[in-house]
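To start, the structure under review is shown below, and the notes come after it.
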Amino acid sequence: MLASLEARPADPLLSLISLFEADPRTDKIDLGVGVYRDATGQTPVMAAVKAAETMLFELQDSKSYLGPEGDVSFVNAMAKLAFGNISVGKSYTGLQTPGGTGALRLLLELWQRANPDGKVWLGTPSWPVHETMIRSVGAKIQTYVHYDTTAQSACPDNLLAAIRSAKSGDLFLLHGCCHNPSGADPDASLWLLIAEALLNVGAIPLVDLAYQGLGNGLDEDATGLRILLDHLPELLLAYSCDKNFGLYRDRVGAAYVVSRQLGLLEVAQGHLSEIARSCWSMPPDHGAAVARLIMTEPTLTASWRQELNQMTKRIQSIRDRLAEFGDIGKFAFGRLRNEKGMFALLPATPDEVVRLRNENGIFMAGSGRINLAGLQEADCDRLVQAIGRLPSFAHKRTS
Ligand code: LMR
């Protein structure tokens, strides 16, 4: 049987983890997979997480099943964090998932059941797994350019034109904040235009909110989601706690469906539970229980918010430091100051990415995406010099 399978390449982003580990150079720099690192290069367990884990260890008196929806208090706590106060006349249903990835998969499958002939619209470049996942559920995909890497700017007109040419029931997969890989987020006025365009066409947003709090702040990073929530009758949300709670390997996320037709939410929940049951049956508990404790114990909430805020400030300080270099050849470092979140996209060719790795020990995604949260202040000079020496960067920017 196995002989009929074609070999598949390893995931290029995740392979960077082992490539980096195997490299003997002591001055190597890891700007690959999107994990936060502090000023000493560590990805710490957040203090509130440690405290919640200790509480859990003492208080948890059973590990019996909770059901396909997982920890309902966790689901509701994250809904409050993401949606704020949900508009009158609308409600949500949700369920805990293994990471934001599990939530995306579940929601795509739900949408596909409801709209077997519809299309999923995806702005490029995007997190590579988005496209893989859309194809895996068997949905039709239509891409448009969200970010022009050569011109180094977002293309909001493309997004609006894409929405206007979509059909009722089509799905738009949108990054809620801290766009991965570009860091270029819509502002509130653009979110409003997006909401109006989606409403006119009858298309549905699936918001991937994986970095809440790591851009401008917890409420600020939910601006787009909340504008969509106010204006649209239905939306889907995939939430991840990987980055903002630092719970990466514990796989903590949630999937939500919002509607103003409350009866339909029950139907949606039935489908979500059924799909979840056929994939992972019930989600892993530990990380979600930790996040739930953090959100329900005021001292833990305060500690978590403060540490998250420090993480965000560190990322911004790296952005500001790199921005001071201005234009280096064709790359405008200055724009990093105004983009958000962990990532920025270098207009580097795949060969140049390999060259930076081989010659300089600087590891980044093949797309030229760098994880700014992996960079130390002291390494900024070295990174910029190495980029400046790349042949294609020697040309002056033309835009
Ligand atoms: C990333 O984009 O680096 C992270 O979201 C990790 C992943 O799963 O790809």
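The values are calculated or read from the model by the stated rules, or taken from the named source; none is laboratory data. None of the values given here were measured: they were computed from a predicted structure. So basically every Cβ, Gly included, is an ideal-geometry build from the backbone, and we count neighbours across all protein chains shown. All accessible areas refer to the heavy atoms of the entire protein, side chains included, with ligands and DNA or RNA removed. Shrake-Rupley method; radii C 1.70, N 1.55, O 1.52, S 1.80 Å.
Summed over the range 108-156, residues that are in a helix (DSSP H, G or I) and either modelled with pLDDT under 95 or closer than 18 Å to Cys177 by Cα (or both) total 4.
Taking the criterion of being more than 12 Å from the ligand (Cβ to nearest atom), of a type outside the set (Ser, Thr, Tyr) and either crowded, with 24+ Cβ neighbours inside 10 Å or without any contact (Cβ under 8 Å) to a residue 24 or more places away in the chain (or both), the residues of the range 246-256 that qualify are Val252, Ala254, Ala255. For the range 97-110, a tally of residues being open to solvent by 10 Å² or more (accessible area, probe 1.4 Å) and farther than 21 Å from His286 by Cβ returns 2.
Only a single criterion out of (1) within 16 Å of the ligand (Cβ to nearest atom); (2) open to solvent by less than 50 Å² (accessible area, probe 1.4 Å) is not satisfied by Leu14, namely (2).
Taking the range 136-154 as the range and being under 21 Å from Thr349 (Cβ atoms) and away from the ligand (no atom under 16 Å from the Cβ) as the test, the residues that pass are Thr143, Val145, Asp148, Thr149, Thr150, Ala151, Gln152, Ser153.
A single entry from Pro68, Pro44, Pro9, Pro24 fulfils the requirement of being within 16 Å of the ligand (Cβ to nearest atom), open to solvent by 10 Å² or more (accessible area, probe 1.4 Å) and not in a helix (DSSP H, G or I): Pro9. Note down all Cβ pairs under 7 Å where the first residue falls in the range 31-50 and is in contact (Cβ under 8 Å) with a residue 12 or more places away in the chain and over 23 Å from Ala378 (Cα atoms), the second is in a helix (DSSP H, G or I) and within 16 Å of the ligand (Cβ to nearest atom), and they're at least six residues apart or on different chains. Taking only residues 6 or more apart or on different chains, not a single pair turns up. Among the residues of the range 83-93, is any farther than 19 Å from Leu228 by Cβ, at pLDDT below 95, more than 16 Å from the ligand (Cβ to nearest atom) and surrounded by fewer than 22 Cβ atoms within 10 Å (Cβ to Cβ)? Taking every residue of the range 83-93 in turn, none turns out to be farther than 19 Å from Leu228 by Cβ, at pLDDT below 95, more than 16 Å from the ligand (Cβ to nearest atom) and surrounded by fewer than 22 Cβ atoms within 10 Å (Cβ to Cβ).
The numbered conditions (1) more than 15 Å from the ligand (Cβ to nearest atom); (2) more than 16 Å from Ala268 (Cβ to Cβ) are all true for Met133 except (1).
Residues in the range 188-241 that are assigned to a strand (DSSP E or B), buried (at least 23 other Cβ atoms within 10 Å of the Cβ) and among the acidic types (Asp, Glu): Asp208 only. Report whether or not Arg164 is open to solvent by 10 Å² or more (accessible area, probe 1.4 Å), within 16 Å of the ligand (Cβ to nearest atom) and not small (Gly, Ala, Ser). The answer is no for Arg164. Where strands (runs of 3 or more DSSP E) fall entirely within the range 277-373, those with at least 3 residues that are at pLDDT 95 or above and closer than 26 Å to Asp250 by Cβ are at 369-371. For the range 181-193, the condition of being within 16 Å of the ligand (Cβ to nearest atom), hydrophobic (A, V, I, L, M, F, W, C) and within 27 Å of Ile141 (Cβ to Cβ) holds for at least one residue.
Just to be sure before I move on: is Asp185 modelled with pLDDT of 95 or more, over 14 Å from Trp121 (Cα atoms) and either open to solvent by 20 Å² or more (accessible area, probe 1.4 Å) or in a strand (DSSP E or B) (or both) in the structure I sent? Yes, satisfied. Residues in the range 153-170: is at least one touching a residue at least 40 places away in the same chain (Cβ under 8 Å), within 21 Å of Pro12 (Cβ to Cβ), of a type outside the set (A, V, I, L, M) and in the same structural domain as Leu108 (by TED's automatic domain parsing)? No, the range 153-170 contains no residue that is touching a residue at least 40 places away in the same chain (Cβ under 8 Å), within 21 Å of Pro12 (Cβ to Cβ), of a type outside the set (A, V, I, L, M) and in the same structural domain as Leu108 (by TED's automatic domain parsing).
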